[in-house]
Structure formats: structure tokens, C-alpha cells
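Notes for the one structure printed next.
The values are calculated or read from the model by the stated rules, or taken from the named source; none is laboratory data. None of the values given here were measured: they were computed from a predicted structure. As a convention, Cβ positions derive from the backbone with ideal geometry for all residues, glycine included, and neighbour counts pool all protein chains shown. Ligands, DNA and RNA are stripped out before the accessible areas are found, and what is left, the full protein with its side chains, is counted by its heavy atoms. Shrake-Rupley method; radii C 1.70, N 1.55, O 1.52, S 1.80 Å.
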Amino acid sequence: MVSLVLRIGRPIGLCLITACLLFGCGSREAGPLDAPKRNSSDPYAHLKVYRHSMDGAPSSIDPVQARNVYVNTVTINAYDTLYAFKYLARPYEVKPNLAADMPEISDDGLIYTIRIKQGVHFIDDPAFEGGIGREVVAEDFVYSLKRHFDPTQRPAGAWLWQGRIVGLDDWKAAGSDYNQEVEGLRAVDRYTVQFKLVKPYPQLVYTLAQGYSAIVPREAVEKYGREMGSRAVGSGPFKVVSFDSARLVFEKNEKYRQEPVDIDYEGYDEATQKNTGVERINGRSPPFLDRLELHFINDNSARWSSFTKGDETQYLLVPNEQVDTILSSKNPITAKPEFADQYQIRWYQEAGLVFMTFNLDFPEIGYNEDTEQERRNKALRCAMIKAFDWERRNESFYFGLGKVFPGIIPPVAPEFDPDMSQESITRDLEGARQLLKDNGWTPENLPTLEYGSQAGVSQRLFFEQFRGFMVKIGYPTDKLVLKQYATFGDYSKAMSLSQLHLVSKGWGLDYPDAENTLQLFYGPNGSPGSNDANYANPEYDRLYEQAAVMQPSPERTAIYRRMNQMAIDDCIGVMALSRTRIMMWHKDVVALPDREIVGGFFMKYVDIDKSDSPVQDIGD
């Protein structure tokens, strides 16, 4: 890959994050002065246990389904990836994980040779002979990556490598026979993997740190089949002992390799990180926890209550309705003393964005065989974009702390253009009404559109506000229909199957390069890939392919910005806003939590301070 130091001005990873995170209507059940104390009847009181709350649940924990932050959080803790992100380095940096070192790259950038560590074993599991986990070898990585090109596995991650690796797409076309070699993806020997690329791919090493690239043993897939969605057999720091829609429980993988932490190597910054207590793990080998629990609590008020009770969850991504409860000032962001004294608190702008796309697969809103109708459809989309009130959305759901910007390149990406025209994010009701009138749209002939979301009060409020914006330009309320799904996984599946006219979502950068968001509109990534808009513009695709093989440069940045403007001009989405995240965690938790890049990578390093002098707050 190009530069192995990942600069971002961003980080969560492949990661899909719901646009409906931060609004709820419950009352506060516990206060900041209710000191967190572990329940004396807790059967795990003698163990180091960390209970982490999440606002959604994975529908599968199989790495081939690692399409969002929820799945990624599980996969990168249960499985190994060749590379990972340094725990503390900001900007983010890649480091070897299962790989023994950084790759050897040929002068033409087409051949990557990667050695893996020896003596690493999968957890014990009935899938293996005698129930004893065998050694992880290079062929396991080859097999795991091939799964993304096997339709029977229902993979979601092929877009990362599609058209990139010599022979891999042909292997799929020939029937995905695992016994057949792929020229560009080989185990050179027991501990060496080699890639041969079709063309340079500067982001390759980034992809090898994603949950999608987690290493799975063939024996487990063949024994459990679809059960891999609820069963993990990996070589990561933790092993899954139970999983349901409410909670996933990990226990320490006692077989995990001994690798003492060097906090300086991990990027420790004393000025900003000293009060987290992370220096206490220096020289010790993770994982430090005996038990790690992920609690899936979609309701904001329930998540807040669980956190503030003191004997339940120990981490919280602060719900937006609690912002005023916690902060004494928004500019600059300042926590109230009673909260700063009791909890660790950190805030930052997310490395990602929330936005909405029109699904151009539908002829009533997108592409149409009738060119005149297609032109009118574009005018309709442009009018709806003009009707959207980003200022009100920001104030209503993000307490005015979000950053609204035009297009799909978020402010934290190095290619972001702060001088872009603001027209596409400026409300213009008169302009919207005129567009509809000029193109023959009336309340009678406007199409009925389905807006999808995960079930919940917060998500309904997002929809109702959107519908209210559209009513202002004459869109009938009964022609904008909310379709809710029981879980985020169900909603994600509907998006991948191209079942919705309007897709509202969030995207966390998998790596600090605008290519990662621009690929969301690359034609070949259409459903079931990441291009939920099913945007198909030959010029956009040509520019994407041109830029995708380039090293970072002013020329590449200019191409990225041109593509961004094309997406705006074609009115393919209501774009976009980056949220300010506020995280809180209990002071007995020794950690620097991070939801960005590949969410959850910090959990391997979490420790619990069982002394009477917990670490102090870190402020901002």
C-alpha cells in the first residue's frame, strides 16, 4: 500500500453505521451522583469484566457479513486479521497483527508478499480433530478471502477485492471450487501469502485490517455452515461463548499469543492520554479481561439507564437527548463538573457521515427507459434535496454539534474541500417548488416512496421530520411510507437486496482515504454491494478506476473532488453530516475507547482497575 502511516484529519471502519443513532424520549433514571458500584452479588465480581453497550446488534457474526460496526466489533475480537490499527496512534497507523511484518511490495506495486506468525492456533472446537484447535497457516487466509467470491456463502465483502486480484473473479465465474488455485492469491508456503494484483491497489493493506478479512478455518465452515452466523471459531484474543439479539459474551482466549504492549509503539501521547491510565498496560500481554460483554441496547433511554446505574454497562455513546444533561457548554464543548468528576468523557468528530440516497434502481425515481421520464425523475430528486433542512436536522437530532457539508467526502478525509459551494445543503423551498412545476410534477402524479429504517421511536422521528420537509413542497404525506425492520441486520439486508426507494444510513470510514466513501457510488458496487443508490455513471466509474491506482497526490485529490461534484450534480442523495461523538465510560475501565475505523479494535487492550483509586477523567 502507499503510505503505511494513515493520516486523517478521520477513523470507523468498514463499517456501516446507522444514521439513526442519537434521539430518544425516555426520562433519566439514574443521575451522575449515583456512584458506579459493582453489585456484590455479581457472580463475576472476582473477574475482570467489561460490559460495553452498543446501539444495534449484528444479525450475523460471520466475517463474510462484516458489513457494519456491530459485526466488525465481534469479528476483529474473535478472529485474527493480517493487519490492525495501532491502539493509541492518532492519526491512525497500520501495524502487523497476524502478519509478521509489513508486506514486501514489488517495484510496480503489483505483488505483495506477506509472512504470517508461526505458532498461532485456533481456539479448541469440535470442528477440529480431537477438538483441539490447529495452527493457523497461510492457506487459511487464502480460503477465507475466497469465501467472499463464493455465492453460497452470501458474502458482503467482495467489493473490497473485486477486479483487483488476478484470477479471483474468474475463480468465482468457474464455480468457486476451493480446490482450484487462484493465480493472484496463493499460499507460497505454510507461512507466506502472496497477492498478485491486476493493477496497483494502494488501499490493499487497509482492507487486510477489516473484519471482512478475518481468518476462518475451513473445518468450521464445513461443519457449521450457516451456523457460522452465530458461532465464531477464530484465533483472536477472545472466544464467543454466547450470542443472541440482546447480548454477546466473550471470554479470554487462553491460547492467544503472548505479545507485550509497547505503548510508545502503539502511539501513546502523554499530553492527551495520560489520564486514561493506559500506561498501566505497558509491558503486559493482552487480553487483560476475563470476560467481555457486548450489550445490544437500541433504545437510547434504556442505554443511558444501564450505564448510569453503575452495576451494568460501563461504556456509553451518549444519546443526543442527554447532551444538555452532560455539557455545560457546546462551544467549546465542556462537560459539567459532576459528570467529569465521575466518568471518563471524550468527544471528537466522527470519521464518517450520515446521509440518504435515492435508489436509482426504481424507474419511478431513478433510471428509466423513457429518457424524458428519467430527466423528470432527476428533477424530482433535486427538488427533494432542496427541500431538506440540514440546519434543522442538525439542531433537532445532533444538538447543533454536527458538521454539515456537501457531497460524500467527509471533513476528516484529507481530500475534503472546505471551499465547496454550499448550494446542495442550503434549503430552497421556492426553488424546489419551481423545479417540480417546471417538470410536470403534481401531488397526483408524484410516486409513492418507501423510506426504510430500523424499528424504533428515534428512527420514526427521523422519518417524520423528513416527511415534514417534503410536505412543504407539496409531497402528499400518504405517498411517503415508512417501512421499519425489527433489527439493523434486517434493514441492512433490505438495502443489499435493493428493496427500498430511500436509504438512510451512516458510513464510517474503513480507512482514512476518500476512496472509501467515493466507492459508495461506483457502479460495479451496486446492490448487494455498498452502492445502495445503484448509481451508474460511466464517467464517474472511469474517474474512480483512474484514481484508485494512484498514490496520494494533488492530482488524485482533484479527481476525487470532481467525482464528488458529479454525485452532487446528479442529485443521487441528501448529503451529508458528520456527527460529534461523545463517549463516556466508568473510571475503573482502563481504556481509550474508539468506534471509528474498524470499531472495537481497542477492546483487546481494555483493563479493569480493581483498586480503590480509579483513573481520572480525560476531558477532551
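Per-structure values
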item	result
Förster radius 41 Å - calculated FRET efficiency between GLN162 and ARG280 (Cβ-Cβ, nearest 0.05)	0.40
Rounded to 5, the percent of DSSP beta bridges in the chain classed as antiparallel	75 percent
Region 196-216 residues near the modelled ASP262 label - backbone nitrogen below 18 Å, point 7 Å along Cα→Cβ	none
D (Stokes-Einstein, µm²/s), Kirkwood Cα radius, region 217-361, 1.306 mPa s at 10 °C	82 µm²/s
Length-normalised contact order for region 300-411 - Cα pairs under 8 Å, 6+ apart - percent	16 percent
Per residue Cα convex hull volume in Å³ - calculated over region 282-351	160 Å³
Relative contact order computed over region 156-314 (Cα-Cα under 8 Å; 6+ residues apart), in percent	14 percent
Listed residues LYS146, LYS239 arranged by accessible area, highest first, probe 1.4 Å	LYS239, LYS146
Cα-only radius of gyration and Dmax that characterise region 30-177, units Å	20.0, 64
Fraction in percent of alpha-carbon pairs per bin - 5 Å, region 307-421	2, 8, 14, 15, 14, 13, 11, 7, 6, 5, 3, 1, 0
The chain: radius of gyration and largest Cα-Cα distance (Dmax), Å	24.0, 73
Accessible solvent surface per residue of region 395-468, calculated while the other protein chains remain in place, 1.4 angstrom probe, Å²	43 Å²
Heavy-atom surface of region 187-240, accessible at 1.4 Å and reported per residue (Å²)	32 Å²
Ranked by how many other beta carbons lie within 10 Å on average, peptides 446-453, 82-89 from highest	82-89, 446-453
Region 122-226: relative contact order as a whole-number percent, Cα under 8 Å and 6+ apart	32 percent
Stretchable slack from HIS46 to ASP341, in nm (0.36 nm times residue separation minus alpha-carbon distance)	103.6 nm
Peptides ranked, highest mean first, by Cβ atoms within 10 Å: ranges 378-385, 491-498	378-385, 491-498
Sequence ranges 160-170, 355-365, 431-441, ranked by mean other-Cβ count within 10 angstrom, highest first	355-365, 160-170, 431-441
Full-extension gain in nm, GLU450 to GLU227, via 0.36 nm per residue minus C-alpha separation	77.1 nm
Per-selection metrics, region 553-608 (Cα): Rg and Dmax in Å	18.7, 51
Mean ellipticity per residue at 222 nm, deg cm²/dmol - from DSSP H runs of n ≥ 4 across the chain, formula -39500 (n - 2.57)	-7000 deg cm²/dmol
Convex hull of Cα atoms in region 91-194, direction-averaged projection (nm²)	8.6 nm²
Linear extension gain, GLN373 paired with ASP490, 0.36 nm per residue minus alpha-carbon span	38.9 nm
Rounded FRET efficiency, nearest 0.05, which uses the C-beta distance separating GLU139 from ARG542 and R0 of 35 Å	0.40
Fraction of accessible area attributable to carbon and sulfur, the chain (%, probe 1.4 Å)	48 percent
Solvent-accessible area per residue for region 491-536 (1.4 angstrom probe, square angstrom)	18 Å²
